[in-house]
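Once you've had a glance at the structure underneath, I'll fire off some questions.
The values are calculated or read from the model by the stated rules, or taken from the named source; none is laboratory data. Quick caveat, the model's predicted, so the values are computed rather than measured. Cβ: placed from backbone, ideal geometry, glycine included. Neighbour counts: every protein chain shown.
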């Protein structure tokens, strides 16, 4: 649901171009006076999500004219060393499967820790106190860097290590994918839901050849399965 507008605060949103980060961007624009976005080229196996970012940003300010004045600069950082270090299905052409540690091999070790650390460093320069990310402990694949305890611990570490008062926001932490669609609906109604359905991308394989009821994707990777299941539950609840 729409929240309390904070008139004098700046937020920096980790914005990949996917459904979750797109919803978080709308959430931030509904709350903060100035919002900037940050994407990462970390050596991932495709850059489809990053290529969707401009269309989502443009669509958001068309849907809500008052958001136009709030949406500030977009930043992209290259941290391809992460991709060089990681032997994962998101940084290599590898089949998606469970690893020996019980985690799917789509888990990129250190990714969210690095993302938030770089975001905090940029936030100092940009005068942003609020960092917003789409991490979620409800619909996730067991990634330890998506857990609420991890984010809380990192907030403490960043504030101590940078002598700041950052607030790390994770609006989706306790929402499943159906509730993420519902959040978008509450923020911008059917037009925002349709924008996110058509313009965001979450498929691990980067497939945008077919538009499904729930959006573009290969239709069978774990990310597509979650997005499809969430959409079906969202539609059933709205019927």
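Taking only pairs six or more apart or across chains, which ones have beta-carbon atoms under 9 Å, a first residue in the stretch 134-159 that is at positive phi, and a second residue that is assigned to a loop (DSSP other than H, G, I, E, B) and at pLDDT below 95?
What qualifies is 142/102; 142/103; 142/107.
If a residue must be surrounded by fewer than 21 Cβ atoms within 10 Å (Cβ to Cβ), without any contact (Cβ under 8 Å) to a residue 60 or more places away in the chain and closer than 21 Å to residue 50 by Cα, how many such residues does the stretch 208-219 contain?
Keep residues of the stretch 208-219 that are surrounded by fewer than 21 Cβ atoms within 10 Å (Cβ to Cβ), which gives 208-213, 218-219.
Going one step further and asking which of them are without any contact (Cβ under 8 Å) to a residue 60 or more places away in the chain, we end up with 209-213, 218-219.
Those still in the list that are closer than 21 Å to residue 50 by Cα too: 209-212, 218-219.
Total satisfying the criteria: 6.
If you don't mind, there's one more thing I want to ask. For a quick check of your reading of the model, give me the residue pairs whose first member lies in the stretch 43-54 and is more than 12 Å from residue 18 (Cα to Cα), whose second is assigned to a helix (DSSP H, G or I), with beta-carbon atoms closer than 8 Å and at least 6 apart or on different chains.
43/81; 43/82; 43/83; 43/84; 44/83
Additional query: Among the numbered conditions (1) over 19 Å from residue 39 (Cβ atoms); (2) part of a loop (DSSP other than H, G, I, E, B), tell me where residue 172 comes up short.
Here residue 172 clears every test but (1).
Pick out the one residue from 158, 168, 183, 172 that is surrounded by 16 or more Cβ atoms within 10 Å (Cβ to Cβ) and more than 25 Å from residue 118 (Cβ to Cβ). If you could, list the steps in order and put the result at the bottom.
Details: 158 fails: more than 25 Å from residue 118 (Cβ to Cβ); 168 fails: more than 25 Å from residue 118 (Cβ to Cβ); 172 fails: more than 25 Å from residue 118 (Cβ to Cβ).
So the residue among 158, 168, 183, 172 that is surrounded by 16 or more Cβ atoms within 10 Å (Cβ to Cβ) and more than 25 Å from residue 118 (Cβ to Cβ) is 183.
How many residues does the stretch 19-35 hold that are buried (at least 22 other Cβ atoms within 10 Å of the Cβ) and touching a helix residue (DSSP H, G or I) at 6+ places or on another chain (Cβ under 6 Å)?
6
Report yes if residue 72 is at pLDDT 95 or above and farther than 17 Å from residue 33 by Cα, otherwise no.
On the way: at pLDDT 95 or above: yes; farther than 17 Å from residue 33 by Cα: no.
When the stated conditions are applied, residue 72 does not pass them.
Something else: When you scan the stretch 186-206, how many residues do you find that are modelled with pLDDT under 95, touching a helix residue (DSSP H, G or I) at 6+ places or on another chain (Cβ under 8 Å) and either crowded, with 21+ Cβ neighbours inside 10 Å or on the phi < 0 side of the Ramachandran plot (or both)? Full working, then the answer.
In the first step, residues of the stretch 186-206 are kept if they are modelled with pLDDT under 95; the result is 201-206.
Retained after the next criterion (residues that are touching a helix residue (DSSP H, G or I) at 6+ places or on another chain (Cβ under 8 Å)): 201-204, 206.
Subset that is either crowded, with 21+ Cβ neighbours inside 10 Å or on the phi < 0 side of the Ramachandran plot (or both): 201-204.
Summing the residues that are modelled with pLDDT under 95, touching a helix residue (DSSP H, G or I) at 6+ places or on another chain (Cβ under 8 Å) and either crowded, with 21+ Cβ neighbours inside 10 Å or on the phi < 0 side of the Ramachandran plot (or both) in the stretch 186-206 gives 4.
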